[in-house]
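Asker: Supplied in structure tokens, the structure appears directly below.
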Amino acid sequence: MKYPIVTFCLALVMSQTSANDFFSEVDVVEPVSTPSNNLLLNFEFQQTLGYGFRSPELPNSREESGVNRLQSDFLFTVDWQLPRNFSLYSQQGFTQDFTTELRDEDFYSQQEQEDKEFQWQARENWVQYSNGGFWVRGGNQQAAWGQTETMNVLDLNNPVDNRWLGQRDLDDSRVSVLALETAYQMGSTSLGLWLAGTEAVNEEGVEGSEFDRLAGIRHLNLELEDQEPDQAYEWLLKLAYSGEGYDLAVIGGQTVLDDYYLSRVQGNQFGPTGLEFSRPETAVIGFQANQVLNSWLIKTEWAYFERQHQRPDGDAILSPWPESEQALGSLGFEYSGFSDTQISLEWNLDYLEQAERLTAYDRSDWASGAGLRLNRSFFNERSEASAVVVALPSHLGLGSNGIITRLEWSQDLSDTLFTGVKLIDYSAPEEESDLHAYRNNDAIIVWLAYKI
């Protein structure tokens, strides 16, 4: 049978009469437990169909509207409480994108074929020891120290998956890394440590994909090379205090950021022949706070980075990116006073000193952006609708660097069967916008999930 997954999906629908992205809501359904409740098991399957309804701007394998995702995902989770204050957590699964079966093999680049083929995923595997207010966890894991939704300020523990830019929340896009995390609670105060290697980076679109980060320069036929950081590990410390209705925290450390910048251009008398990309190695210090006031949650987060690199404009696009200090900030408001409805608003700031010799536009050192989210549940919380609008930080005015809009609907068909649909729109009329090259990558995504 050529498409056993499709047959399996139809069987599920026929047998069930009564989430979000597959890897985002892994705890929606209570897992099956043994009589002793020491071992919790969870199994999930999801089939996802994506359709790009516009012709992409940048050269890639899909040159016109059509199916861009036919992905099957399986995930198996084990949560085991062991003797002597130990616990074991493991998430294993596999994924495969069957869109390569819909067209000739030559339609896709070699990197795309490898990215879509069957892949085993060891998402999280860690062991934890707890004793009173102290715990330590080691293994492949994720940690969410930041609290912003639409711009990453202090969420520095894990890289993120950007292969489908803006189509998932930040919380649902983290990539697990091999790390050691520990914390000690002393009354209302806690001290946490994060220690990890620096090998993992953001997952970006490969050559030929719709969100290939290098699509705009691949036609130059340059030799492209990603450099490994000199720093072998990174560490972060978090000192937090919880009061009555509020929380405060200071985060600092030495880290390697997960985005690449152009660090070196190789060439001869005829022009560039190769490009080298590196990752910023920087010290960071930041502050976060939140306050609950009746139906309101007010939160803020600020960070200073000793070293960052900015992309130049215009004719200097193939020049090494100049170094600069950077400051990021976010101020957010959440309101939940309406029945079954939540409204969130974030205002984001990005300070990066502009290099005078590379300024092609009359730009400020400050860039501002914003994010808006509306969530409403229906039918005893078995249905949920949401709208997310993100204006990327821009030096030229709010919205001029591009706007990503995502509309979603999810439905619980039964206690084990779930479905949903989402619509993603990319708006970037300004040519200098970071999002301009992807402005035609709008898509509609339909998914069906079975969880026990």
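The values are calculated or read from the model by the stated rules, or taken from the named source; none is laboratory data. Just so it is clear, the structure is predicted and the values come from calculations on it, not from any experiment. Using ideal geometry, Cβ is built from the backbone for each residue, glycine included, and neighbour counts are taken over all protein chains shown.
Asker: Among the residues of segment 366-388, is any in contact with a Pro (Cβ under 8 Å, 6 or more places away or on another chain), surrounded by fewer than 21 Cβ atoms within 10 Å (Cβ to Cβ) and of a type in the set (Ser, Thr, Tyr)?
Answerer: Yes, because at least one residue in segment 366-388 is in contact with a Pro (Cβ under 8 Å, 6 or more places away or on another chain), surrounded by fewer than 21 Cβ atoms within 10 Å (Cβ to Cβ) and of a type in the set (Ser, Thr, Tyr).
Asker: Tally the residues that are closer than 30 Å to Glu124 by Cα and surrounded by fewer than 16 Cβ atoms within 10 Å (Cβ to Cβ), restricting the search to segment 52-80.
Answerer: Adding up the residues that qualify gives 3.
Asker: Under the condition of being acidic (Asp, Glu) and over 13 Å from the mean Cα position of the chain (by Cα), which residue from segment 117-163 is surrounded by the fewest Cβ atoms within 10 Å (Cβ to Cβ)?
Answerer: Glu117
Asker: Every residue in segment 422-442 that is at pLDDT 95 or above, in contact with an Asp or Glu (Cβ under 7 Å, 6 or more places away or on another chain) and surrounded by fewer than 20 Cβ atoms within 10 Å (Cβ to Cβ), please.
Answerer: The answer is Asp425, Asp442.
Asker: Within segment 389-415, can you find the residues that are surrounded by fewer than 16 Cβ atoms within 10 Å (Cβ to Cβ) and of a type in the set (Ser, Thr, Tyr)?
Answerer: Of everything in segment 389-415, just one residue is surrounded by fewer than 16 Cβ atoms within 10 Å (Cβ to Cβ) and of a type in the set (Ser, Thr, Tyr), namely Ser414.
Asker: Then there's this: Evaluate the following for Asp258: is it under 26 Å from Asn157 (Cβ atoms), surrounded by fewer than 19 Cβ atoms within 10 Å (Cβ to Cβ) and not aliphatic (A, V, I, L, M)?
Answerer: no
Asker: Any residue at all in segment 199-218 that's of a type in the set (A, V, I, L, M, F, W, C) and over 21 Å from Gln110 (Cβ atoms)?
Answerer: yes
Asker: Moving to a separate point now. Considering each residue of segment 90-110, count those that are within 30 Å of Val78 (Cα to Cα) and either of a type in the set (Ser, Thr, Tyr) or loosely packed, with under 13 Cβ neighbours inside 10 Å (or both), and give that number.
Answerer: 2
Asker: Let me ask something additional. Taking into account only those residues within segment 327-339 that are outside any strand (DSSP E or B) and of a type in the set (S, T, N, Q), which is farthest from Glu306 (Cα to Cα)?
Answerer: Ser339
Asker: Something else about it: Only one of these conditions is not met by Ser263: (1) under 30 Å from Leu178 (Cβ atoms); (2) hydroxyl-bearing (Ser, Thr, Tyr); (3) at pLDDT 95 or above. Which number is it?
Answerer: It fails just one condition, (3).
Asker: Here is a check on your reading of the model: is Ser319 hydroxyl-bearing (Ser, Thr, Tyr), over 30 Å from Ser190 (Cβ atoms) and surrounded by 16 or more Cβ atoms within 10 Å (Cβ to Cβ)?
Answerer: Considered against the rule, which asks whether it is hydroxyl-bearing (Ser, Thr, Tyr), over 30 Å from Ser190 (Cβ atoms) and surrounded by 16 or more Cβ atoms within 10 Å (Cβ to Cβ), Ser319 comes out as no.
Asker: Inside segment 363-452, counting only strands (runs of 3 or more DSSP E) that do not spill past its ends, which hold 1 or more residues that are closer than 30 Å to Phe76 by Cβ and polar (S, T, N, Q)?
Answerer: Here the list reads 366-378, 383-394, 403-412, 417-427.
Asker: Given the structure, is Glu381 more than 30 Å from Leu293 (Cβ to Cβ) and of a type in the set (D, E, K, R)?
Answerer: So Glu381 fails the test.
Asker: Another question about this same structure. What are the residues in segment 197-224 that are among the charged types (D, E, K, R), over 24 Å from the mean Cα position of the chain (by Cα) and surrounded by 13 or more Cβ atoms within 10 Å (Cβ to Cβ), if any?
Answerer: Across segment 197-224, the qualifying residue is only Arg218.
Asker: Restricting to segment 63-120, name every residue that is aliphatic (A, V, I, L, M), outside any strand (DSSP E or B) and either touching a Phe, Trp or Tyr at 6+ places or on another chain (Cβ under 7 Å) or modelled with pLDDT under 90 (or both).
Answerer: Across segment 63-120, the qualifying residue is only Leu102.
Asker: I've got another one for you. Can you tell me which condition Ser324 does not meet? The list is (1) crowded, with 16+ Cβ neighbours inside 10 Å; (2) outside any strand (DSSP E or B), and all the others hold.
Answerer: Of (1) crowded, with 16+ Cβ neighbours inside 10 Å; (2) outside any strand (DSSP E or B), only one is false for Ser324: (2).
Asker: Modelled with pLDDT of 95 or more and β-branched (Val, Ile, Thr) - does that describe any residue in segment 212-231?
Answerer: There is no residue in segment 212-231 that is modelled with pLDDT of 95 or more and β-branched (Val, Ile, Thr).
Asker: Filter segment 400-438 down to the residues that are closer than 30 Å to Tyr351 by Cα and over 21 Å from the mean Cα position of the chain (by Cα) and list them by number.
Answerer: Ser400, Pro429, Glu430, Glu431, Glu432
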